[in-house]
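Notes to accompany the following structure.
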């Protein structure tokens, strides 16, 4: 039989065989080709939050690139709400790119990204990736664990506020637990991380002696962090007993000084009077008596004779002066 006569029969047999093979095979003979996908995140911290860049690739099982694939991208926050939806296309090397942004005030937790890649002649490829986001924050550190001061003294502590994940909001500083007689002052009282403040501690003479836990607190919005140090107050020089002793000694010294001054003044007055009396007794004549009265007036003007003595002696010498005429 000629080949041209057999050709229709051979073609019909081939088609019948392929049909039978497709019916008995678990996988269709004309099945679509498989497609695979890879993706990764690259995060960049900014003052406003986190910028997330997505880089992915669409490929076949043999690692051959699949160009012109359509990639749908959806990002959900930790509450399941969609915050980003986009369509990307793979280039000639199978690479696709996209990006999304997580604002600084966004909730912390896992942000889930769903990828679906499609292309005619290929099965769809699906990929799910998660990104953990923590909100910006700050930390607080004191330069000492304990500080020892006496009553009446002052000291200082350096308080450092550090930024975490780009935190750039003002932090207000305050103190808790300081006992009576202890004052803490912050300079400055509000800072933007990362920065430091000087905490000056003033201890009065009446501050209670002993160990005191001092808490330094930083507050910014709903965020708050604290650190502590031990303030050890020791007795100061000016204790109540010391003050009493010093006061008593000072009063005694002043009294003694006044006493000695008055005693010296009295002695000088007595010496002047004795000299005056000796002059009067040595010569009782008119001229001598007049000279004594003049000397008495001089001593009175100099404050070396009190008024009562002056008046008494003046009367005596004036009578003597009348008798000597």
How do the strands (runs of 3 or more DSSP E) wholly within the range 130-212 filter down when requiring 1 or more residues that are out of contact with any strand residue (DSSP E or B) (no Cβ under 7 Å at 6 or more places or on another chain) and surrounded by 14 or more Cβ atoms within 10 Å (Cβ to Cβ): which remain?
none
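Yes or no: residue 72 outside the structural domain of residue 167 (by TED's automatic domain parsing) and assigned to a loop (DSSP other than H, G, I, E, B)? Can you show your working first?
Numbers: outside the structural domain of residue 167 (by TED's automatic domain parsing): yes; assigned to a loop (DSSP other than H, G, I, E, B): no.
Answer is no for this residue.
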Within the range 217-235, identify whether any single residue is surrounded by 13 or more Cβ atoms within 10 Å (Cβ to Cβ) and at positive phi, and answer yes or no.
no
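Answer yes or no: is there a residue in the range 98-106 that is more than 24 Å from residue 192 (Cβ to Cβ), part of a strand (DSSP E or B), in the same structural domain as residue 57 (by TED's automatic domain parsing) and out of contact with any strand residue (DSSP E or B) (no Cβ under 6 Å at 6 or more places or on another chain). First the steps, then the outcome.
Residues of the range 98-106 more than 24 Å from residue 192 (Cβ to Cβ): 98-100.
Subsequent filtering for residues that are part of a strand (DSSP E or B) retains 98-100.
Add one more test, that the residue is in the same structural domain as residue 57 (by TED's automatic domain parsing), and what stays is 98-100.
Then drop every residue that is not out of contact with any strand residue (DSSP E or B) (no Cβ under 6 Å at 6 or more places or on another chain), which leaves none.
Scanning the range 98-106, I find no residue that is more than 24 Å from residue 192 (Cβ to Cβ), part of a strand (DSSP E or B), in the same structural domain as residue 57 (by TED's automatic domain parsing) and out of contact with any strand residue (DSSP E or B) (no Cβ under 6 Å at 6 or more places or on another chain), so the answer is no.
Can you say whether residue 58 is modelled with pLDDT under 95 and within 51 Å of the chain's Cα centre (by Cα), as far as the supplied structure shows?
Details: modelled with pLDDT under 95: no; within 51 Å of the chain's Cα centre (by Cα): yes.
In short, no.
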Got at least one residue in the range 22-38 being modelled with pLDDT under 95, over 60 Å from the mean Cα position of the chain (by Cα) and in a strand (DSSP E or B)?
yes
Which residue is farthest from the chain's Cα centre (by Cα), if the candidates are limited to the range 106-118 and must be surrounded by fewer than 20 Cβ atoms within 10 Å (Cβ to Cβ) and in contact (Cβ under 8 Å) with a residue 40 or more places away in the chain?
118
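The values are calculated or read from the model by the stated rules, or taken from the named source; none is laboratory data. Since the model is a prediction, treat every value here as computed from it, not as a measurement. Note that we place each Cβ from the backbone using ideal geometry, even for glycine, and neighbour counts take in every protein chain shown.
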